[in-house]
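The values are calculated or read from the model by the stated rules, or taken from the named source; none is laboratory data. Worth saying up front: this structure is predicted, and the values here are computed from it rather than measured. Note that we place each Cβ from the backbone using ideal geometry, even for glycine, and neighbour counts take in every protein chain shown.
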Amino acid sequence: MVFEPLEEADETLLMDIRCGRLWPATSAHGAPKCILNDGTLAAESESGWSLVRNGKRVRHGDGSIVAVASEFIAIKRSNKSGAWFSIIRSTCEAELPAPTGWSLISFGASDTRITAYGIHAEKGQRLLQMDPADEHFRIPGTHCGTSQVFSMGAGVDPVIRSTGLAIGSSWQTPHGVIAGIAAERSDLSVRHITPVGLPCIYVRSQQSRCQELVVCLHGGPDSHELDDLRYGGTYRTVLDAGFDLLIINYPGSAGFGSAFQERAWHNWPAAIRETAGAVAEIMDSYGTSIVSILGVSFGAWMGLQLAERVHASQVVAMSPIFDLQSHLQLHSDDPEFRRWAADRFALTAESPDDGEQHIGNFTGRVVVIAPVDDEVVVPGSTLHSTNSATRLGREWSLVSVPGNHYPKASAAAEQRWAALEDAIAVRPGTRRFSASPRVPGDSERGPLCLRPVSLPYVPDI
């Protein structure tokens, strides 16, 4: 048994439960995590994991320990393209291959069960399960929403937290399912679809609808978005206001295979054309006549260019990257970032006359939600882009909100999501709708209501 210290200066202790003997654990190979049945110690350090027997390291590798059982540990290795999991025993190592077409996102294990949350470009989101003695995952037919798998140790099967726009939130435990703080919504329809081959989620309310489609573009681009309760339940509020949602994983998104991710690299105009084709197909299929766009971080850069192609009524850009080249150059001192950027984008030096080109040719309404303490995008860059658009007579407005690129404090999150709801669902000259209760965890906003206002041009500092 491993006893971790309560104070950093104290020692980690090991106990032989057969006789009760205690002794200090050596830190030469990292922090002890567990002891396998044969007495092998599993440890973890900044350089990776180790298996140690009689004070000597017998196995070592990259990655972090994500689950421990009586006879094995589970290791996760990840990069910008995805995650890979392995089972490490005292005598052997075996990578856990995902079923064909699936990507494993979250993972947990016990002595009797291995559980993984996986995503698939066509089949959506599932909880995959395997017996530790088997070599193949079982794929159930039930949609699970976005899920996190938590290992509970050798003797207890993993606990799973799942969230989705219709299913709400829940905790699946060995003793049954516990309802989460977000209730189920039987009035919402959530469909996994693939217009022009792009993995998408289409959501609509079964109640009265307007004829506007909100297209949602995640950041990254090495990321993905499927059925989830993002942004404090904002999507539910937008649906209650009568809008339909199309969550798009554009070419370049991670989690749907390397070919899908890499086909956008150095060819982003083609990715934007494909995304525009998906929007057009959905508008034709579902009878929506107006489209607006929500783009977050890199998704704002995509959204501003997509808006011109699909004739969007407006773009809401949250924590936005507008000037991509300046953003890439800003972080180019980091060798790893420089390699990452060179793989995906053509790095060019803009001439002084190119300063306004990054705002594009979209002439519709743009609402910019800009965090004042954004550590990823320099706030001055966002202000410069907004000023450039305003100087050209564009209908751009800026809402400053507290917090970082993604809000860390609940108060900052509350104001961010309030601004987002208003930007999407409240248009100039319209009355504010009555919002449904916010997903708990983000407190009720009270009287605060942030509205986009026209930003006059001011000189750049």
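Data for the structure
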{"item": "Criterion: without any contact (Cβ under 8 Å) to a residue 40 or more places away in the chain, over 19 Å from the mean Cα position of the chain (by Cα), surrounded by 15 or more Cβ atoms within 10 Å (Cβ to Cβ) and farther than 28 Å from residue 280 by Cα - qualifying residue of 141, 176, 180", "result": "180"}
{"item": "Those residues of segment 389-415 which are of a type outside the set (Gly, Ala, Ser), farther than 18 Å from residue 233 by Cβ, in a helix (DSSP H, G or I) and in contact with a strand residue (DSSP E or B) (Cβ under 6 Å, 6 or more places away or on another chain), in sequence order", "result": "390"}
{"item": "Segment 314-338: number of residues that are within 22 Å of residue 270 (Cα to Cα) and charged (D, E, K, R)", "result": "1"}
{"item": "Residues of segment 286-308 satisfying the condition of being part of a helix (DSSP H, G or I), within 24 Å of residue 230 (Cβ to Cβ) and touching a residue at least 40 places away in the same chain (Cβ under 8 Å)", "result": "286, 298, 299, 300, 302, 303, 304, 305, 306, 307"}
{"item": "Flag for residue 328 being over 23 Å from residue 243 (Cα atoms), of a type in the set (A, V, I, L, M) and crowded, with 16+ Cβ neighbours inside 10 Å", "result": "yes"}
{"item": "Which listed residue, of 220, 242, 233, is over 26 Å from residue 98 (Cα atoms), part of a loop (DSSP other than H, G, I, E, B) and either modelled with pLDDT under 95 or of a type outside the set (A, V, I, L, M, F, W, C) (or both)", "result": "242"}
{"item": "Tally, over segment 134-155, of residues that are modelled with pLDDT of 95 or more and β-branched (Val, Ile, Thr)", "result": "2"}
{"item": "Qualifying residue in segment 61-74 (condition: surrounded by 18 or more Cβ atoms within 10 Å (Cβ to Cβ) and not hydrophobic (A, V, I, L, M, F, W, C))", "result": "yes"}
{"item": "Top-ranked residue of segment 41-80 - restricted to ones that are in contact with a Gly (Cβ under 9 Å, 6 or more places away or on another chain) and assigned to a loop (DSSP other than H, G, I, E, B), ranked as farthest from residue 265 (Cα to Cα)", "result": "54"}
{"item": "Looking only at segment 331-353, and only at residues there that are assigned to a helix (DSSP H, G or I) and over 21 Å from residue 79 (Cα atoms), the one that is modelled with the highest pLDDT", "result": "352"}
{"item": "Qualifying residue in segment 364-380 (condition: in a helix (DSSP H, G or I) and over 23 Å from the mean Cα position of the chain (by Cα))", "result": "yes"}
{"item": "Residue count for segment 384-418, restricted to those that are among the basic types (Lys, Arg), touching a residue at least 12 places away in the same chain (Cβ under 8 Å) and surrounded by fewer than 20 Cβ atoms within 10 Å (Cβ to Cβ)", "result": "2"}
{"item": "Criterion (of a type outside the set (Phe, Trp, Tyr), at pLDDT 95 or above, out of contact with any Ser or Thr (no Cβ under 9 Å at 6 or more places or on another chain) and in the same structural domain as residue 173 (by TED's automatic domain parsing)) met by exactly one of 104, 127", "result": "104"}
{"item": "Residues located in segment 250-263, provided they are surrounded by 16 or more Cβ atoms within 10 Å (Cβ to Cβ) and free of Cβ contacts under 8 Å to residues at least 60 places away in the same chain", "result": "250, 251, 253"}
{"item": "Residues within segment 202-217 that are surrounded by fewer than 23 Cβ atoms within 10 Å (Cβ to Cβ) and within 18 Å of the chain's Cα centre (by Cα), tallied", "result": "1"}
{"item": "Test set (1) under 20 Å from residue 340 (Cβ atoms); (2) surrounded by fewer than 24 Cβ atoms within 10 Å (Cβ to Cβ) - residue 276 fails condition number", "result": "(1)"}
{"item": "Selection within segment 183-209 - part of a loop (DSSP other than H, G, I, E, B), free of Cβ contacts under 8 Å to residues at least 40 places away in the same chain and over 30 Å from residue 113 (Cα atoms)", "result": "186, 187, 206, 207, 208, 209"}
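Per-residue answers, yes or no, for (1) out of contact with any Phe, Trp or Tyr (no Cβ under 8 Å at 6 or more places or on another chain); (2) surrounded by fewer than 20 Cβ atoms within 10 Å (Cβ to Cβ):
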{"site": "133", "(1), (2)": "yes, yes"}
{"site": "147", "(1), (2)": "no, no"}
{"site": "152", "(1), (2)": "yes, yes"}
{"site": "157", "(1), (2)": "yes, no"}
{"site": "160", "(1), (2)": "no, no"}
{"site": "164", "(1), (2)": "yes, no"}
{"site": "170", "(1), (2)": "yes, no"}
